[in-house]
Amino acid sequence: MKKITLQMIAEHVGVSKALVSKALANDPAVNNNTREAIWKTAQDMGYRFDKLRKSSLYAKTGNIAVLMPEAYLEDIEYWGKIIRGIDKELSTHDFSMLLSSVNVSVENKGELPSSITEAKVDGALLLGHIPESYMIVLEKKGLPFVLVDSNIQNVEHDHILANNYLGAYSAVQQLIEQGHQNLAFVGDVETAWSFRERERGFAEAIKDHDDAYNIQITYVRGVGVSGKGNYITSEFEEKLRASISEKKVTAFFCANDMLAIESLRFLTEWGFRCPDDFSIVGFDNLSLSEYMIPKLSTVEVPKEDMGSRAVRSVLERIKNPESVTEQVLLATRFIERSSVKKIEPIGAISE
C-alpha cells in the first residue's frame, strides 16, 4: 500500500504542504473550513493521525478557555487545585487550556478575552464568581461552556460542584454526636452559593437531631468570600466574641477553612482555648488546615476531581450540544482532627 504523504494531501486539497502540516498540528491560525477540509481529506486518503482530537471534526482548535476572577490567581489552595485538575484532564484528551482572569471589581458588560472573540477555543469553563454577563455573551455566540463551582445557579447550563449540603450536614452531625448542643454557623451566605448550601446543611442537620437534644444555634456574620477575595467587616469580631462570651457557643461550623482559621485566631487572642473551650470545623480541606494548632477538622472538597469532571463535561457538550444539561455534585468527606472535642451533653432526652 502506497504511503500517504503531506504533499499528496496538499495536492488533493489544492494548498501548500506547509499549510497541511499546520492544519494537522491544529494550529489555530489555519482557517476553520480549510482545517476541516484537510482533516477530512487526510482521513479519506487513509493518513493516520497520532491524536484523537485531530481526527475529530467537533474539535476545531483543541483549546478550551478558562475564565475566572482575577483574585483567584492568589488562591492556589482552592482554585489552583481545580485548575490543576482541568489541565491534567485536558492533556489526556490532547487539548490545551487558555486561562484568562477577569477583574470583577469594575463594571463589565461581558467583554470576552481574545481567545474567545478570535475563535481560538472550542469551549469554555467559567469558574466561581464569573458575572452572568459573560454567560449571556457566550450564549449569543453559541460557544459551549460549563460552570464550575459557580455563584450563579442556572439549570440551562452544565454545572460541576461539590455536594456542599451533604458535606455540611455530615460535619454538623458529627459535632452533635460529640455532645455539642450550642452551635454557631460562621459566614455570610449571600456571598456564595456554596456558603448558602453549607448553611442549609447546617440547619437541616440540627433540625433532624433536635428531637433528642435542645440545640441552640447562632449565626456569626460579617465574614465571607467573593470574586474579589476573602473579606472581614467591622461587625465580625463583635459577633464572634458575643457568640462565645454571651451565647456560650461550644462548636463553630465555618463556611470555609479560611473563615475557620480567622475565627480560631481571634478566639485564641481573646484567651479561649481550642478544643478545651470550643470546637471548630472548616470546609474545603486546604493544606494549611493540617498545620494549624490545633489541626483543623474540616470537610474535604474534591477540587482536582471537580476540574477533571468539568473538562469531560465541556468536551461532551461540544460533541453533543443538544444533550440534556447536567448538575453534577461530587461527594465530600468529613475529616476529623484535633480541633473537635467530645463534651458531655446537657439535658439529653432519654429514649
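Of everything in segment 251-299 that's outside any helix (DSSP H, G or I) and free of Cβ contacts under 8 Å to residues at least 40 places away in the same chain, which residue is surrounded by the fewest Cβ atoms within 10 Å (Cβ to Cβ)? Steps first, answer last, please.
Step one: list which residues in segment 251-299 are outside any helix (DSSP H, G or I), which gives 251-256, 270-286, 292-299.
Remaining after also requiring free of Cβ contacts under 8 Å to residues at least 40 places away in the same chain: 270-273, 277-278, 282, 293.
Numbers: Trp270: 13, Gly271: 7, Phe272: 15, Arg273: 10, Asp277: 14, Phe278: 25, Gly282: 30, Ile293: 10.
Ranking the candidates gives Gly271 first.
Among the residues in segment 183-191, are any of a type in the set (Gly, Ala, Ser), in contact with a Pro (Cβ under 7 Å, 6 or more places away or on another chain) and under 28 Å from Leu329 (Cα atoms)?
Here is the first cut: in segment 183-191, the ones of a type in the set (Gly, Ala, Ser) are 184, 187.
Those still in the list that are in contact with a Pro (Cβ under 7 Å, 6 or more places away or on another chain) too: none.
No, the conditions are met nowhere in segment 183-191.
Okay, residues lined up against (1) in a helix (DSSP H, G or I); (2) surrounded by fewer than 17 Cβ atoms within 10 Å (Cβ to Cβ); (3) at pLDDT 90 or above:
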| position | (1), (2), (3) |
| --- | --- |
| Met1 | no, yes, no |
| Ile4 | no, yes, no |
| Glu11 | yes, yes, yes |
| Val15 | no, no, yes |
| Ala18 | yes, yes, no |
| Thr34 | yes, yes, no |
| Ile38 | yes, no, no |
| Ile64 | no, no, yes |
| Lys81 | yes, no, yes |
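Select from segment 216-249 the residues that are in a loop (DSSP other than H, G, I, E, B) and surrounded by 19 or more Cβ atoms within 10 Å (Cβ to Cβ) and list them in ascending order. Explain how you work it out, then say what you get.
So in segment 216-249, the residues in a loop (DSSP other than H, G, I, E, B) come out as 221-222, 227-228, 233-234, 246-249.
Once the filter is applied, which keeps residues that are in a loop (DSSP other than H, G, I, E, B) and surrounded by 19 or more Cβ atoms within 10 Å (Cβ to Cβ), segment 216-249 yields Gly227, Val249.
Consider Ser101 carefully, then state whether it is free of Cβ contacts under 8 Å to residues at least 60 places away in the same chain and assigned to a strand (DSSP E or B).
On the way: free of Cβ contacts under 8 Å to residues at least 60 places away in the same chain: yes; assigned to a strand (DSSP E or B): yes.
So Ser101 fits the description; yes.
Only one of Asp158, Asp122, Asp188, Asp94 is under 30 Å from Val340 (Cβ atoms) and of a type in the set (Asp, Glu). Can you tell me which?
Details: Asp158 fails: under 30 Å from Val340 (Cβ atoms); Asp122 fails: under 30 Å from Val340 (Cβ atoms); Asp94 fails: under 30 Å from Val340 (Cβ atoms).
Within the list Asp158, Asp122, Asp188, Asp94, the selection yields Asp188.
For segment 1-36, which positions are more than 25 Å from Ala65 (Cβ to Cβ) and basic (Lys, Arg)?
Residues satisfying the conditions are Lys2, Lys3, Lys17.
With the structure loaded, tell me whether Arg317 is within 30 Å of Asp122 (Cβ to Cβ), buried (at least 17 other Cβ atoms within 10 Å of the Cβ) and touching a residue at least 60 places away in the same chain (Cβ under 8 Å) or whether it fails that test. Step through it out loud before you land on a result.
On the way: within 30 Å of Asp122 (Cβ to Cβ): yes; buried (at least 17 other Cβ atoms within 10 Å of the Cβ): yes; touching a residue at least 60 places away in the same chain (Cβ under 8 Å): yes.
Here the answer is yes, as Arg317 does meet what is asked.
Give Val121, Val102 a once-over and let me know the one that is under 13 Å from Thr61 (Cα atoms) and among the β-branched types (Val, Ile, Thr).
Every option except Val121 fails the conditions.
Test Lys88 against the criterion of being surrounded by fewer than 22 Cβ atoms within 10 Å (Cβ to Cβ), touching a Leu at 6+ places or on another chain (Cβ under 8 Å) and in contact (Cβ under 8 Å) with a residue 12 or more places away in the chain, and give yes or no.
Details: surrounded by fewer than 22 Cβ atoms within 10 Å (Cβ to Cβ): yes; touching a Leu at 6+ places or on another chain (Cβ under 8 Å): no; in contact (Cβ under 8 Å) with a residue 12 or more places away in the chain: yes.
Judged against the criteria, Lys88 is not a match.
Considering each of Ala171, Ala124, Ala192 in turn, give the residue that is at pLDDT 95 or above, assigned by TED's automatic domain parsing to the domain that holds Lys239 and surrounded by 21 or more Cβ atoms within 10 Å (Cβ to Cβ).
On the way: Ala124 fails: assigned by TED's automatic domain parsing to the domain that holds Lys239; Ala192 fails: at pLDDT 95 or above.
The match here is Ala171.
Could you check segment 144-164 and list, in sequence order, the residues that are surrounded by fewer than 20 Cβ atoms within 10 Å (Cβ to Cβ) and free of Cβ contacts under 8 Å to residues at least 60 places away in the same chain?
In the first step, residues of segment 144-164 are kept if they are surrounded by fewer than 20 Cβ atoms within 10 Å (Cβ to Cβ); the result is 152-156, 163.
Answer for segment 144-164, where residues must be surrounded by fewer than 20 Cβ atoms within 10 Å (Cβ to Cβ) and free of Cβ contacts under 8 Å to residues at least 60 places away in the same chain: Ile152, Gln153, Asn154.
The values are calculated or read from the model by the stated rules, or taken from the named source; none is laboratory data. The model shown is predicted, which means the values in this text are computed figures rather than measured ones. Every residue, glycine as well, gets a Cβ built from its backbone with ideal geometry; the counts of neighbours run over all protein chains shown.
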